[in-house]
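First comes the structure, then the notes that go with it.
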Amino acid sequence: MLLDHQVALITGASRGIGRAIALRFASEGADIAFIDLKEDEQMLATLSDIRALGVRAKAYVADASEFLTAHNIVSEVINDFGRIDILVNNAGITRDTLLLRMSEQQWDQVLTVNLKSAFNFSHAVAPQMLRQRYGNIISLSSVVGEHGNAGQTNYAASKAGIIGLTKSIAKELGGKGIRVNAIAPGFILTDMTKALGEDRLREIEKTIPLRRGGEVEEVAKVALFLASDLASYVTGQVISCCGGMNS
Ligand code: NAP
């Protein structure tokens, strides 16, 4: 299997893309630690679905946007699992509105959850990955981080920030056996995008060359490629998974 004997830590994995990545990594033999904001049915269902694949799994309740919390969780995960080979910075939110209507709070919330969380966890896992002289950091950016989107100034800025963070950490840690990459999904069918409503979904689908929204499993397959030895010479890159909507 592609991820045998590896330990992956994934943020925001109770549902959506994070959950799909957790299940895909587990199906390739990785033990899974994941965090999410609350212990609810979704968290417990994801935990039991991962364990059903025959790997070790533990869920941690935490807010990924808190710096000290991130460091404490990473220490707990190392204590529980012994190492961390893969970090997936997935936790993310939207607070969409046009620039002139955007409040300071909407800007701060999105930047803090989407970008600061990725800094927090990358900062917290780096010492362990350096000790291991092995590691893999994957962060969820977005096509709107590369191209912008009306009504998403805060979100697009956070996702553009993920690209700068990824490319910089890749340069800092590449010599120590640590690869760092980002995925830029396009329009993926999750709670985040379903909130737009059926009519808007149909309109957006018409603008996508593949004429459909992506499935969470399709993003998870890209994450698996980046996390595995199949991507052993890939670092500092942003891989789009968008049905062609970035071209
Ligand atoms: P989702 O369905 O809304 O799931 C996001 C998950 O993150 C939820 O489990 C949520 O917890 C958790 N979360 C939110 N804030 C958190 C925090 N502060 N600490 C810990 N966990 C937190 O989103 P998704 O569509 O799967 O998106 C996953 C990632 O892909 C995000 O970074 C998103 O920006 C990116 N992305 C998505 C798309 C898309 O089309 N869906 C496109 C491009 C990029 P709760 O359940 O408690 O809310």
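Note on T207 and A150: with the Förster distance fixed at 22 Å, the Cβ-Cβ geometry gives a FRET efficiency of about 0.95. Take the chain with all the other protein chains still there, run a 1.4 Å probe, and you get 47 Å² of accessible area per residue. Across the chain, the volume of the C-alpha convex hull divided among the residues equals 121 Å³ per residue.
Largest first and in whole Å, the equivalent-ellipsoid semi-axes of region 60-134 read 30, 11, 9, each the square root of five times a Cα gyration tensor eigenvalue.
Near S240, the amide H atoms lying under 5 Å from its own belong to A184; only residues 5 or more places off or on other chains count, and H is placed 1.01 Å from N. Tell me the GluC sites (Glu not before Pro) within region 1-64 that lie in a loop according to DSSP and have at most 13 other beta-carbon atoms within 10 Å. Passing sites in region 1-64 are E39.
Mean projected area of the Cα convex hull of region 183-247, taken over all directions, amounts to 4.8 nm².
Assigning unit charges at the beta carbon (Lys, Arg +1; Asp, Glu -1) and nothing else, what dipole magnitude in debye, to the nearest 20, does region 194-247 show about its Cα centre? Let's see the in-between values first.
Numbers: 7 positive and 8 negative charges, 33 e Å.
The dipole of region 194-247 has a size of about 160 debye.
Show that you can apply the helix-only estimate: for the chain, add -39,500 (n - 2.57) for every DSSP H stretch of four or more residues, divide by all residues, and state [θ] at 222 nm to the nearest 500.
Values: 10 runs with 112 residues, N = 247.
Taken over the chain, the calculation gives -14000 deg cm²/dmol.
Throw me the Rg/Rh for region 1-96, computed over C-alpha atoms with Kirkwood Rh, two decimals.
Reported Rg/Rh (Cα atoms, Kirkwood Rh): 0.95.
Site pair E215 and K58 shows an inter-label distance of 3.3 nm when each label is modelled 7 Å from Cα along Cα→Cβ. The E39 and R83 beta-carbon pair, evaluated with R₀ = 22 Å, returns a calculated FRET efficiency of approximately 0.30. The translational diffusion coefficient of region 110-172, from Stokes-Einstein at 20 °C and 1.002 mPa s with a Kirkwood hydrodynamic radius over alpha carbon pairs, comes to 174 µm²/s.
The values are calculated or read from the model by the stated rules, or taken from the named source; none is laboratory data. Note that the coordinates shown come from a computational prediction; the quantities given were computed from them, not determined experimentally. All Cβ positions, glycine included, derive from the backbone under ideal geometry; neighbour counts span all protein chains shown. Heavy atoms of the whole protein, side chains included, go into the accessibility calculation; ligands, DNA and RNA do not. Shrake-Rupley method; radii C 1.70, N 1.55, O 1.52, S 1.80 Å.
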